[in-house]
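Contents: one structure, followed by commentary.
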Amino acid sequence: FVTGRTRPERLLQYLQKNGTRGDANNVVDTIDRFCGTVEWAMNVGGEKGKIVDKVVLETNPGTVLELGTYCGYSAVRMGRLLAPGSRLITLEMNPAYAKVAKEVIAFAGLDKQVEVLVGSTTELIPQLKKKLDIDTFDMIFLDHWKQSYLPDTKLLEECGLLRKGTVLLADNVICPGTPDYLQYVRSSPKYLSQHFPSVLEYTNAPDGLEKSVYLG
Ligand SMILES: Nc1ncnc2c1ncn2[C@@H]1O[C@H](Cn2cc(CNC(=O)c3cc([N+](=O)[O-])cc(O)c3O)nn2)[C@@H](O)[C@H]1O
Ligand SMILES: [Mg+2]
């Protein structure tokens, strides 16, 4: 048994005990085993994760921005598929979670490709161009507070961080659900959206991902 105070700490302890350091595929499988057999956690998970893998491989992004790192599962899942020299920036406002995520990402051997920034999206998004030598992102993964998806998408547009063809991939558009975000990306002429039905991580409850291409 593991003795961490918080769920992310228990997940990290389980990984350190049962995982293979430097093997990102094994880290993904080990976290999925923890969540499937010991304790549920809000990672995108294995089923939806296969759809994330497909979109990342099709997009082959040089720069990825993730909103809501949590334990770093999806950062490792996407980071393991990036071409050498590509970068994934992930934003996490909870310092304790960010600390766990940094250790999970380092355990997977991806600390060169993946960078965790601690702070809220509202505070960090306007600073990204200055902080990083990144002009626009090729892909955005939204997995933070569901009511923040829409305002943060508009903020990304206003800050000029999207370009023609940027792929937005949103988790949980069915469960817990992001109705205002879905309505926006499906009705706005600025986006071309596609829905990928799936199940909520580690359960058989209906959920799904929404892939929306920014048309500029
Ligand atoms: N504006 C924000 N800026 C930066 N980090 C944020 C922000 N909002 C939440 N976070 C961070 O995301 C992490 C994880 N998180 C994600 C959510 C929202 N996600 C869910 O609530 C969720 C819930 C379920 N579920 O209930 O079944 C399943 C999922 O896949 C989910 O992503 N809340 N905290 C937390 O560490 C939090 O600090
Ligand atoms: Mg999620």
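Summary of values
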{"read-out": "Lone qualifier among VAL64, VAL114 - being within 16 Å of ligand 1 (Cβ to nearest atom), closer than 16 Å to LEU168 by Cα and touching a Leu at 6+ places or on another chain (Cβ under 6 Å)", "value": "VAL64"}
{"read-out": "Which listed residue, of GLU115, GLU123, is away from ligand 2 (no atom under 16 Å from the Cβ), assigned to a strand (DSSP E or B), modelled with pLDDT of 95 or more and closer than 22 Å to GLY72 by Cβ", "value": "GLU115"}
{"read-out": "Restricting the stretch 163-195 to residues that are within 17 Å of the chain's Cα centre (by Cα) and under 17 Å from VAL64 (Cβ atoms), the residue that is nearest to ligand 2 (Cβ to nearest atom)", "value": "ASP171"}
{"read-out": "Residues of the stretch 1-20 that turn out to be surrounded by 16 or more Cβ atoms within 10 Å (Cβ to Cβ), part of a loop (DSSP other than H, G, I, E, B) and hydroxyl-bearing (Ser, Thr, Tyr), as a count", "value": "0"}
{"read-out": "Single residue of the stretch 117-148 satisfying the filter (in contact (Cβ under 8 Å) with a residue 60 or more places away in the chain and more than 30 Å from GLY22 (Cβ to Cβ)) that is farthest from ligand 1 (Cβ to nearest atom)", "value": "THR136"}
{"read-out": "Single condition LYS102 does not satisfy, out of (1) in a loop (DSSP other than H, G, I, E, B); (2) crowded, with 19+ Cβ neighbours inside 10 Å; (3) not aliphatic (A, V, I, L, M)", "value": "(1)"}
{"read-out": "Single match in LYS54, LYS48 (criterion: within 16 Å of ligand 2 (Cβ to nearest atom), closer than 20 Å to GLU201 by Cβ and of a type outside the set (Asp, Glu))", "value": "LYS48"}
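Every residue, every condition in (1) within 14 Å of ILE51 (Cβ to Cβ); (2) among the acidic types (Asp, Glu); (3) outside any strand (DSSP E or B), yes or no:
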{"position": "VAL167", "(1), (2), (3)": "yes, no, no"}
{"position": "ILE174", "(1), (2), (3)": "yes, no, yes"}
{"position": "LEU182", "(1), (2), (3)": "no, no, yes"}
{"position": "VAL185", "(1), (2), (3)": "no, no, yes"}
{"position": "SER193", "(1), (2), (3)": "no, no, no"}
{"position": "TYR202", "(1), (2), (3)": "no, no, yes"}
{"position": "LEU209", "(1), (2), (3)": "yes, no, no"}
{"position": "VAL213", "(1), (2), (3)": "no, no, no"}
{"position": "GLY216", "(1), (2), (3)": "no, no, yes"}
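The values are calculated or read from the model by the stated rules, or taken from the named source; none is laboratory data. Computed from a prediction, not measured in an experiment: that's the story for all the values here. As a convention, Cβ positions derive from the backbone with ideal geometry for all residues, glycine included, and neighbour counts pool all protein chains shown.
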